[in-house]
Amino acid sequence: MAVVDVHRFAESITCHAWSPDHSMVAFCPNNNEVHIYKSSQDQWERLHVLEKHDQIVSGIDWSSKSNKIVTVSHDRNSYVWSLEGGEWVPTLVILRLNRAALCVQWSPKENKFAVGSGAKTVCICYYEQENNWWVSKLIRKRHESSVTNVAWHPNNILLATTSTDGKCRVFSTFIKGVDVKDPKAGSPAESKFGEQILQLDLSYSWAFGVKWSPSGNTLAYVGHSSMIYFVDDVGPSPLAQSVAFRDLPLRDVLFISEKMVIGVGYDSNPMVFAADDTGIWSFIRYIGEKKAVSSGSSYSSQFSEAFTKFYGQSKATTANEASESSKSRGGVHDNCINSIVPLSKAGSPKVMRFSTSGLDGKIAIWDLENMQEELGHQF
Amino acid sequence: MAGAGGFVEADNAEAIIARIETKSSKIESLLKQYKPVEALKTALEGSPPKTLDERCKSANWIVVHRALMAIKDIEGMLNALDVEYYDILMKYLYRGLSTGDRPTCDQCLKIHEKLTDRAGLGCILRCLTDTINTV
């Protein structure tokens, strides 16, 4: 298997982020605190507990160049933490939200961060040098429901958002004084803050987990109906593909190369999707398993009990098979995987290592070094 | 309610019902020739998912129901059916299960078991979450 390390930190983990040198991890153990652990000689020791929020911390991001942690919470607040003299010092960011904040991400240049919220708005926060504080600008239009995930395009200006209204939108977040207008860049629309560039109506149900490919050419996001959507050539004439897959829905995705995506979700096992040479995306395999999976043993013992009742037949033999194979297929995570975070140098086109965290309280680190052949040439 | 992008207005519903009736006679003849799999394929093809009109949906359901009840060899039928029809078939199975009629439910349950084995839980998910294209 590709798993390098698994550790159960808490009952349940909401979100996590890694320090710039990947030696420390910050996560929220499903309460209002952020715990920072350092790994030393195969042991994890707790270094800091950041306690400032009143409610569950729903998003954490750790910038790799400026070494700042941004946290957002259901208490509608956000704090930017800086390491000063060995202690983490918080700075309140006034987001002007009247509902919970759900997700956060630093922009590639780390001069801005985006917050998605249940108030159907996205806050773009930037640092104002004169007043020495973080200012938030809101994108109020367009979203019809909670914004579940945000993702920055490598150009530091475009932002993709997914929402529980099923749509994925791309906005421009150009801020005068913070962003520099690229003379070769596209349309004038791109330089107006909050201007919607694109709206994708591919999903009928909630959308989650949006990410850009390393070059920014392709967008991937998932729908709650066990579908994953890929959009190539994002722009005036995008090429969208909907891929339906067998099992339970995904919650988050990660591009590990230009043509390969890993999806994680309710099946507790990462899935690999790849685009072939003609550009058609499809499901390849689960990370931990061989390609062919027999249909009978695909379900855990819980499911087969339910199915037994449903079909009203005795399925004693199938039940035994299923419970055995659920141990072997049980794999790393026991419960839904909520987020997947890359562990490579920012800006590198391939992601060799990534980590996943989930409702079972475990963080697992995966290394794809030995799987290059198995994954094929798209990786 | 005025149709929004892709939805069929009430006056077009008549055209759809007429099409369903021709489909129905075709299916009857296929069933007489002991080709229940072909019949089901014809019934599922051209299902009008984007209609808001209940009459169209009910008319199509009657036709699909007729073909479904005639199926004896479920494995064979699923072998012959294209993957793209799995989601639509699943929706009709749930419609069948909601009727509460004993023979219909029995048949739908049998097909449901085999279809879930093939198509996986994702198929059921897509059926449950899709509130726009209902059958």
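Can you give me the angle between helix A:316-330 and the longest principal axis of chain A, using Cα atoms only, in degrees from 0 to 90, rounded to the nearest 10? Helix A:316-330 sits roughly 40 degrees off the main axis of chain A.
Please state the relative contact order of chain A as a whole percent: Cα pairs under 8 Å, 6+ residues apart? Don't jump to the answer; show the numbers that get you there.
Values: 974 pairs, mean separation 49.2, N = 379.
Averaging sequence separation for qualifying contacts and normalising by length gives 13 percent for chain A.
Here's how it looks for A:Arg251: its modeled amide H is under 5 Å from those of A:Val264, A:Gly265, A:Tyr266, which are all 5 or more places away or on a different chain.
Remark: mean inter-chain Cβ contacts per residue of B:124-133 equal 5, using a 10 Å Cβ-Cβ cutoff to other protein chain atoms.
Here the label points at A:Lys309 and B:Arg19, each 7 Å from Cα along the C-beta direction, are separated by 4.2 nm in the simple model.
How high is the relative contact order of the range B:13-129, in percent, counting Cα pairs under 8 Å that sit 6 or more residues apart?
Values: 99 pairs, mean separation 26.3, N = 117.
Relative CO of the range B:13-129 lands at 22 percent.
At the residue level, A:Arg246 shows approximately 80 square angstrom of accessible surface with a 1.4 angstrom probe and all protein chains present.
Farthest toward the dipole's positive end in the protein assembly as shown, which of A:Thr161, A:His22, A:Ser145, given Cβ charges of +1 (Lys, Arg) and -1 (Asp, Glu) about the Cα centre? Among A:Thr161, A:His22, A:Ser145, the one farthest towards the positive end of the dipole of the protein assembly as shown is A:Ser145.
Within the listed set B:Thr22, B:Thr104, B:Thr42, the residue fluctuating most in the Gaussian network model of chain B (springs between alpha-carbon atoms under 10 angstrom) is B:Thr22.
Residues considered: A:Val135, A:Val34, A:Val115. Largest GNM mean-square fluctuation over chain A, using C-alpha springs under 10 Å, is found at A:Val135. Once both labels are modelled 7 Å past Cα along the beta-carbon direction, what's the A:Arg99-A:Arg140 spacing in nm? Inter-label distance under the simple model: 1.5 nm. In this calculation the C-beta distance from A:His22 to B:Ala80 is compared with R0 = 45 Å, giving a FRET efficiency of 0.30.
Amide H contacts of A:Trp133: A:Glu128, each under 5 Å away and 5 or more positions distant or on a separate chain (H built 1.01 Å from N in the peptide plane; Pro and chain starts excluded). All other residues whose Cβ lies under 12 angstrom from that of B:Ala70 are scored, Lys and Arg at +1 and Asp and Glu at -1, for a net of +1. Given +1 at the Cβ of Lys and Arg, -1 at the Cβ of Asp and Glu and no other charges, the dipole of chain B around its Cα centre is 280 debye to the nearest 20. Net charge dipole, the range A:5-67: roughly 100 debye, given to the nearest 20, about the Cα centre with Cβ charges of +1 for Lys and Arg and -1 for Asp and Glu. Computed 3J(HN,Hα) for the range A:156-164, one whole-Hz value per residue from the Karplus formula 6.51 cos²θ - 1.76 cosθ + 1.60 where θ = phi - 60°, is 6, 10, 7, 10, 9, 10, 10, 9, 6, glycine and proline marked x.
Report, in degrees rounded to the nearest 10, the 0 to 90 angle that the Cα long axis of helix A:301-311 makes with the longest principal axis of chain A. Tilt relative to chain A: about 70 degrees.
In µm²/s, what is D for the protein assembly as shown at 37 °C and 0.692 mPa s, where D = kT/(6 pi eta Rh) by Stokes-Einstein and Rh is the Kirkwood radius from Cα pairs?
Details: Rh = 25.0 Å.
Answer from the Stokes-Einstein relation: 131 µm²/s.
The mean count of C-beta atoms from other chains within 10 Å of the C-beta of residues in B:109-121, rounded to a whole number, is 4.
The residue list A:Phe171, A:Ser64, A:Asn338 was ranked by how far each Cα lies along the charge dipole of chain A toward its positive end, using unit charges on Cβ atoms, and A:Phe171 comes out on top. Karplus-based coupling profile of the range B:19-36, in residue order and whole Hz: 5, 5, 5, 5, 4, 4, 5, 4, 5, 4, 5, 5, 5, 4, 8, 6, 10, x, with θ = phi - 60° in 6.51 cos²θ - 1.76 cosθ + 1.60 and x standing for Gly or Pro. Each residue of the range A:241-247 was assigned a 3J(HN,Hα) from its phi angle through the Karplus expression (A = 6.51, B = -1.76, C = 1.60, θ = phi - 60°), giving 9, 10, 10, 8, 10, 5, 9 Hz with x at Gly and Pro. Summing charges over neighbours of A:Leu47, with a neighbour being any other residue whose Cβ is under 11 Å away from its Cβ, gives 0 when K and R count +1 and D and E count -1.
By accessible area of protein heavy atoms, probe 1.4 Å, what ranking do A:Ile280, A:Ile157, A:Ile69 get, highest first? Please report the intermediate quantities before stating the final value.
Values: A:Ile280 90, A:Ile157 25, A:Ile69 0 Å².
Of A:Ile280, A:Ile157, A:Ile69, the descending order of accessible area is A:Ile280, A:Ile157, A:Ile69.
The charge dipole of the protein assembly as shown, taken about its Cα centre with unit charges on the Cβ atoms of Lys, Arg (+1), Asp and Glu (-1) only, comes to about 760 debye. For the segment A:224-231, counting C-beta atoms of other chains within 10 Å of every residue's C-beta and taking the mean gives 3.
Across A:Asn30, A:Asn111, A:Asn132, mean-square fluctuation computed from a Gaussian network of chain A (C-alpha pairs under 10 Å connected) peaks at A:Asn132. Near A:Cys103, once Lys and Arg are set to +1 and Asp and Glu to -1 for all other residues with Cβ below 14 Å from its Cβ, the sum equals +3.
The values are calculated or read from the model by the stated rules, or taken from the named source; none is laboratory data. Since the structure is predicted, the reported quantities are computational estimates derived from the model, not experimental observations. Cβ coordinates were reconstructed from backbone atoms using ideal geometry, including for glycine residues, and neighbour counts include every protein chain displayed. The accessibility values were calculated without ligands, DNA or RNA, using every heavy atom of the protein model including side chains. Shrake-Rupley method; radii C 1.70, N 1.55, O 1.52, S 1.80 Å.
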